[in-house]
Amino acid sequence: MNTILVTGGAGYIGSHTVRLLADKGFKIVVIDNLIYGHEKAILNNEVKLEIGDIGDSAFIDRIFSNYSILAVLHFAAFAFVGESVTDPAKYYQNNLAAPLVLLNAMRKYNCPNIIFSSTCATYGNPMYMPIDEKHPQDPINPYGQSKLMLEKVIIDYGKAYNIKYVFLRYFNASGAAEDGRTGEDHTPETHLIPLVLETAQGLRKNITIFGTDYDTPDGSCIRDYIHVADLAEAHRLALDYLIKGNPSIACNLGTGIGYSVKEVIKLTEEVTGLKVPIIYGERRAGDPPVLVAEPSFAKEKLGWVAHYTDLKEVIKTAWAWHNNDNKGRYK
């Protein structure tokens, strides 16, 4: 039976996708160096975890030698925008140079398919809204640049070496599994919903709203929050799409619905029944007022639609995770 290789499969989105694919009967091998991933996030005992780095050529060669790999789902990356500005070398090494080892192994062992976990950060400051796949790609930070550069490398490999790809450009990943067993556990945490939930729990003193004078209805930034289960399903559909021999594509993954920072906080208070202390700060450099996806191309090509379009329901799943017996942590 052919194997699906998942890099970064012990991370937030990767682990949810691994869980879904394993439940669907796929044979899965996960590569993760566990810098940010969690071994306990891999719940299925049939999933093989190989601890190592995608930039280690000997390690990667062993993986491809030992398994007959039909497709690679590439999640492994560093994803802190601020850190990418202060330490770009770290991001270009991990997000661009290291995956070249992976791609060269795919070429050597005739692995024909890759699904790349990309990002809306490749678009940079939006020229229009909602953002579709035809929007110019002009990243404003090294994180986005590293993702766009790898997209370009994969395109070139596709033309030269007959590797088919699907790029999935996420908007704001959010939420947790319905059963509360897998969720979002980052150190440091930078995503808004878990930060607001931790503030509601009293684990943080307050939450800062950065900028209240944007040209939006309530003055705070608006973002498109896409549930992690919907992201996982998009990867399953993309895998099916490639296995059937379809041509390479890039798709945005979002709901097409935007919620402001103030709305996120208000909905969190409704879900938890707890007060969220707020302080106000200045705008952050590089924060566009609105980022919302145009997701219709993913529906057309993959048959994918977001099922979690009510942000309150997304927050409920995240709250269940944060409030579970492990207090929302893989410990």
Residue set I35, I31; condition aliphatic (A, V, I, L, M) and under 22 Å from E189 (Cα atoms); output residue I35
When I115 is run through (1) buried (at least 22 other Cβ atoms within 10 Å of the Cβ); (2) within 28 Å of I279 (Cβ to Cβ); (3) among the aliphatic types (A, V, I, L, M), the failure sits at (2)
Considering the stretch 43-68, residues that are more than 21 Å from the chain's Cα centre (by Cα) and closer than 14 Å to G9 by Cβ, and then whichever is most open to solvent (accessible area, probe 1.4 Å), we arrive at E46
When the stretch 137-175 is checked residue by residue, the ones that are in contact with a Leu (Cβ under 7 Å, 6 or more places away or on another chain) and of a type in the set (S, T, N, Q) are Q137, S146
Of the residues in the stretch 243-289 that are acidic (D, E) and not in a loop (DSSP other than H, G, I, E, B), the one that is least open to solvent (accessible area, probe 1.4 Å) is E269
Residue count, the stretch 187-218, condition small (G, A, S), assigned to a loop (DSSP other than H, G, I, E, B) and touching a residue at least 12 places away in the same chain (Cβ under 8 Å), comes to 1
Exactly one of L43, L5, L70 is of a type outside the set (V, I, T) and in a loop (DSSP other than H, G, I, E, B), and that residue is L43
Among the residues of the stretch 148-155, is there at least one that is within 29 Å of I69 (Cα to Cα) and open to solvent by 60 Å² or more (accessible area, probe 1.4 Å)? yes
The condition of being closer than 30 Å to K159 by Cα and touching a His at 6+ places or on another chain (Cβ under 9 Å) holds, among A250, A232, A238, only for A232
Within the stretch 69-93, restricting to residues that are at pLDDT 95 or above and among the aromatic types (F, W, Y), the one that is most open to solvent (accessible area, probe 1.4 Å) is Y92
In the stretch 210-242, residues that are within 23 Å of E151 (Cβ to Cβ) and open to solvent by 40 Å² or more (accessible area, probe 1.4 Å) total 3
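The values are calculated or read from the model by the stated rules, or taken from the named source; none is laboratory data. All values reported here derive from a predicted model rather than from experimental measurement. Quick reminder, even Gly has a Cβ in these numbers, built from the backbone with ideal geometry, and neighbours come from all protein chains shown. Areas reflect the complete protein model, heavy atoms only, side chains present, ligands, DNA and RNA absent. Shrake-Rupley method; radii C 1.70, N 1.55, O 1.52, S 1.80 Å.
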